[in-house]
Every structure is written in C-alpha cells, then in structure tokens.
Amino acid sequence: MATLIRSKLSNKLSNAATAVTNKSQAKVSGMFARMGFQAATDEEALGFAACDDLDYDHRQGMQMDILTSDEMGGEASGDGGVMEGDSHYQRDGTGPPHSASKDGGSTNELTEVRPKITAWEAGWNVTNAIQGMFVLGLPYAILHGGYLGLFLIIFAAVVCCYTGKILISCLYEEDEDGQLVRVRDSYVDIANACCAPRFPSLGGHIVNVAQIIELVMTCILYVVVSGNLMYNSFPNMPISQKSWAIIATAALLPCAFLKNLKAVSKFSLLCTMAHFVINILVIAYCLSRARDWAWDKVKFYIDVKKFPISIGIIVFSYTSQIFLPSLEGNMQKPSEFHCMMNWTHIAACILKGLFALVAYLTWADETKEVITDNLPPTIRAVVNLFLVAKALLSYPLPFFAAVEVLEKTFFQDGGRAFFPDCYGGDGRLKSWGLTLRCSLVVFTLLMAIYVPHFALLMGLTGSLTGAGLCFLLPSLFHLKLLWRKLLWHQVFFDVAIFVIGGICSISGFIHSMEGLIEAFRYNIED
C-alpha cells in the first residue's frame, strides 16, 4: 500500500514538473518568436497564451478581489448571488462595486472623485472638441483648396473616426477565455507597450510631449481667437487685441480648480448650444445672400503654397484622439463608444462641410482667416459675443487634459515622480498643484500675446501634432499590437493612413513655419 501511494505521488510530481517545464519552454519560445528569431508552433503559442503576463495580472486581480470579499464575510449580492470579485465586474465594469479596499477603507471616495459619464455626455465632449471654434477657419481652407478642401473635410472625418476606434482597441487584450480585458488606461500606456521591451518608456515620453504640445496649443488658440473676436467686435473702443486676451484669460482662471470630467461635460453642453446658435446666425446671413453666391470661384486647382496649411487646419479641427482613452474609461457603458464616435463624426462632417462651403460662396476671394470678420458690424458683434463665450467654455476640456498629463508625468508616477502628489489624502488640491494650473493659464496668455496668428498656429499644430496623434501613431500602434489579428484590408487601411498622414504632416509643417516667419519678418498682425 505504501509503495502504491509513493508511486502515485511520484507520478503526480513528475507530471507537474513536466507541465511546468513545457510551459516555461513555450513561454520562452513564444517570446523569441515575437522578437522575430524563430516561429513558434501551435502548441508553443497556446502555451505562451496561457502564461501571458496580461492574463496572469488579470487573474491575480480577480483573486485579490475574491480574497477581499471573503475577508468581508463572503456575502453574495441579493439577487443573483454574484460575488463582489466576479469576473463579470472585472471585464466590463457592470457588476456591483467593491465594498472595501485592500486596506479596509471604502473605495467609494474614488467613485466620487471620478464620476462616470454617459455616452451622451462623452458625445458632447467629443463634439465640442471636433466641432468647436476651429470651424471658423474652414472657409479659409476652401479658399486655398477649392473642392479638394471640401473633400478633405469629409475624408478627415472618416479617417479620424476610424483611428479613434482602433486607438481604443489597443487598450484591450483577450484573456485566456477570449474575453476583452482593458489592460491599458491611456495613450501613453499604448505607446509604452509598443516600444517594450527594448525601450519601455520611450513611446510614453514621445506621446506625452505631443499631447502637451497639442493641448496647450489648443488652449492658446482659444485665447487668441477670443482676443481677436472682441477686438473686431468693438473696433472703436480703446482696447487692443492683447488687452482683450488678458481680460479673457482672467475669466479662465477658475479652470485651475477643476477636478473631474463631470464639470467639464456641463461646459461642453453649453458650448455645443452656443455653437448651434452661431452656425444658425452665420448660415442665415449667408442664405440671405444666396443670389450672389460665387459658384464660379470654387476651383478644382489648389494653391500649392498655402493649401498644405489648409490641410493642417482641417486635420486640427478633428483632433480628439488625445481625449478618447480618458473619455472611454470614464463612460458608464464603454460598449457604446463606437456608436458615439459614429454619430459625432457624421454630424461634424455634415455641419463643417455645409458651413465652410456656404461661407466661402458668400465672400469668395474676400474670405478671411476668421470667417466672422466678414460679417457686417452689427451682426458681427452679436455672433462674436457668442463665439467668445464658446471659446471660454471650450477652454476647460483641453486644459483639464493637459493638467492631467502633467500631473501623471511629474507628480503621480509612483516612485519615479519628480515632485510630490498634487492632492492630499482628503482629495484636496495642494498649493503647488494650484500653482501648476495657474501657471499653465498664464503661459497660454503669454503665447497668445506674442504669437497672435490664428490660422497659421492652427495649421502648424495640426501638421505637427494633430497628424501625428490622429493619423500616424494610432495606425502604427494598431499594426504593432494587433498584427496577428488584423485582416488584410485593416492592414491596408493602417498603412495607407500612415503614409498619407506622414506626407501631409511634413508639407503642412514646412509651409506653416514659412508663413509664421514671413508674418514676423514683415510684422503682419491678424
């Protein structure tokens, strides 16, 4: 009997050792196959998937939640008997909330700090980002691009909607059960995953720099256009454009106290309402002059020198990718993200195309960089007041995102943070956190005063960071992370977007820089 027991134990230990050895070999082989040194067999790939670190972390997370619920008494929920550590909660966030954290404290405080938003609120944020103040520069793009500029408005909407979706798909991986699990939280996490293991933080640094430039430039443009609009609305008042910009910035200082996207969503809703009022007023005036529309002025050829600037303007008017991971992560139902992206970009494409074409037909070759400057003085003052209100209400979203990037990079990066956390244990903003936010507001003012060229700044930003964040990086990351799962047409789309985006980015950047140098050389004011 003892011999039989020893024999069974020996067999079990031998089998376990063999299984562990096979898994280890499969994992090593799979790693080398990913690095391109050799091809893994089907059995090795299967073993590698079973031992994947992402799946391991996910399983560990579920086990810790189950242990936590067991420590609290192992009580099931009232209806279906679902434990608090159930995998359904882990995968899509629809399960019951955790009762306690690992240290016994309540986790409801985190929910209060970061309240979830609905698909409609997320849609208002995206609509505000892609259908905001920068629509004022689109008629100027038609001036230099003609029908090709109109086509690009539609093309950019389709491409940006697609790249937004594939960017979010890069946040997810399949676990061992074939279920999608959100294993990354931000654009930076995606970039780091693509550059690992050789350069685990290089991608994050590149994306962080591009994000900060994009967001801060957006804030600067809001201040520039506010000063420009107020100055042109009241030209007889002894107040310069720079002074109007200072007044607008004073109204923006309360943005330093924003803590979550819930408050920003309310501003975005007001922005969208103001945007519709502006569009109705401008289009109504243009329709009143429909008999004088200059259809013959819409050309099929392009201005080779200035059209690349128009490309940057069009691309920049659709930039929202830097907000999308945060928005999708804050949505109550992330499964509604794709539908939200579809209706926001379709609406933006239709309204932008109609607005740009109708406005250009009304003023033709006299179309100015900010289209409202073409309106008669009385109507211009009314429309510009709405536009200034919209600019001030649009400012919080990119400002909040820029602050979030800076805080995570320099203040909340665990043991690698350069400075202490901006928030105290009770969630209150500390003095240096408030100083950071106020300094960012002041910096946008200084840039708006010294570089007051709306269209050129918009084209430069769109060509430099807009094309990179909206076209180049999403397609590149999608190919890198999901290469084995992509169909041939998806690979073709990603490669085509990368090539076209690269060409547009380089040409737009060069011509925008030439325009800015010329403006400073001859002291040209907007």
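The values are calculated or read from the model by the stated rules, or taken from the named source; none is laboratory data. Bear in mind that the values here come from a model prediction, so they are computed numbers and not experimental data. Virtual Cβ from ideal backbone geometry, glycine too; neighbours counted across all protein chains shown. What goes into the accessible areas is simple: the full protein's heavy atoms, side chains included, and nothing from ligands, DNA or RNA. Shrake-Rupley method; radii C 1.70, N 1.55, O 1.52, S 1.80 Å.
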Which numbered condition in (1) touching a residue at least 40 places away in the same chain (Cβ under 8 Å); (2) surrounded by fewer than 22 Cβ atoms within 10 Å (Cβ to Cβ); (3) among the β-branched types (Val, Ile, Thr) is the only one that Ile314 fails?
(2)
Would you confirm whether or not the range 149-172 contains a residue that is touching a residue at least 24 places away in the same chain (Cβ under 8 Å) and basic (Lys, Arg)?
yes
Residues of the range 138-159 satisfying the condition of being buried (at least 24 other Cβ atoms within 10 Å of the Cβ) and touching a Ser or Thr at 6+ places or on another chain (Cβ under 7 Å):
Leu138, Pro139, Tyr140, Ala141, Leu143, Gly145, Gly149
Helices (runs of 4 or more DSSP H) enclosed by the range 272-388 - at least 1 residues per element that are touching a helix residue (DSSP H, G or I) at 6+ places or on another chain (Cβ under 6 Å), modelled with pLDDT of 90 or more and within 28 Å of Cys161 (Cα to Cα):
324-329, 337-363
Any residue that is at pLDDT 90 or above and small (Gly, Ala, Ser) - is there at least one of those in the range 216-235?
no
Residues of the range 483-507 satisfying the condition of being touching a His at 6+ places or on another chain (Cβ under 6 Å) and either in a loop (DSSP other than H, G, I, E, B) or open to solvent by 90 Å² or more (accessible area, probe 1.4 Å) (or both)
none
Which residues, counting only those in the range 320-348, are within 14 Å of Thr118 (Cα to Cα) and open to solvent by 20 Å² or more (accessible area, probe 1.4 Å)?
Ser326, Gly329, Asn330, Gln332, Lys333, Pro334, Ser335, Glu336, His338, Cys339
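Residues are listed down the side, and each one gets a yes or a no for (1) under 25 Å from Asn384 (Cα atoms); (2) under 18 Å from the mean Cα position of the chain (by Cα):
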site: Trp295; (1), (2): no, no
site: Ile302; (1), (2): no, no
site: Phe307; (1), (2): no, no
site: Ile313; (1), (2): yes, yes
site: Thr319; (1), (2): yes, yes
site: Phe337; (1), (2): no, yes
site: Trp363; (1), (2): yes, no
For the range 508-521, check the following and say yes or no: at least one residue is in contact with a helix residue (DSSP H, G or I) (Cβ under 7 Å, 6 or more places away or on another chain) and open to solvent by 80 Å² or more (accessible area, probe 1.4 Å).
no
Kindly establish whether Leu479 is more than 27 Å from Val216 (Cβ to Cβ) and open to solvent by 80 Å² or more (accessible area, probe 1.4 Å).
no
Of the residues that sit in the range 438-454 and are modelled with pLDDT of 85 or more and among the aliphatic types (A, V, I, L, M), which one is least open to solvent (accessible area, probe 1.4 Å)?
Val441
How many residues are open to solvent by less than 60 Å² (accessible area, probe 1.4 Å) and either of a type outside the set (Val, Ile, Thr) or in contact with an Asp or Glu (Cβ under 9 Å, 6 or more places away or on another chain) (or both) when one looks only at the range 278-308?
11
Show the residue pairs that are 6+ apart or on different chains and have beta-carbon atoms under 8 Å apart, the first residue being within the range 477-494 and on the phi < 0 side of the Ramachandran plot and free of Cβ contacts under 8 Å to residues at least 60 places away in the same chain, the second being surrounded by 14 or more Cβ atoms within 10 Å (Cβ to Cβ) and part of a loop (DSSP other than H, G, I, E, B).
Leu479/Leu486
By residue number, the members of the range 194-222 that are closer than 22 Å to Val135 by Cα and of a type in the set (S, T, N, Q) are Gln211, Thr218
List every residue pair whose Cβ atoms sit under 9 Å apart, with the two residues 6 or more apart in sequence or on different chains, where the first one lies in the range 234-254 and is closer than 14 Å to Pro452 by Cα and the second, anywhere, is open to solvent by 70 Å² or more (accessible area, probe 1.4 Å) and outside any helix (DSSP H, G or I).
Gln241/Glu525
Test: Phe498 is under 19 Å from Val209 (Cα atoms) and touching a helix residue (DSSP H, G or I) at 6+ places or on another chain (Cβ under 6 Å)
no
Only helices (runs of 4 or more DSSP H) wholly contained in the range 160-254 count here; list those with 1 or more residues that are acidic (Asp, Glu) and surrounded by fewer than 20 Cβ atoms within 10 Å (Cβ to Cβ).
187-195
I'm trying to understand the selection: among the residues of the range 280-339, which are hydroxyl-bearing (Ser, Thr, Tyr) and within 25 Å of Cys219 (Cα to Cα)?
Ser310, Ser317, Tyr318, Thr319, Ser320, Ser326
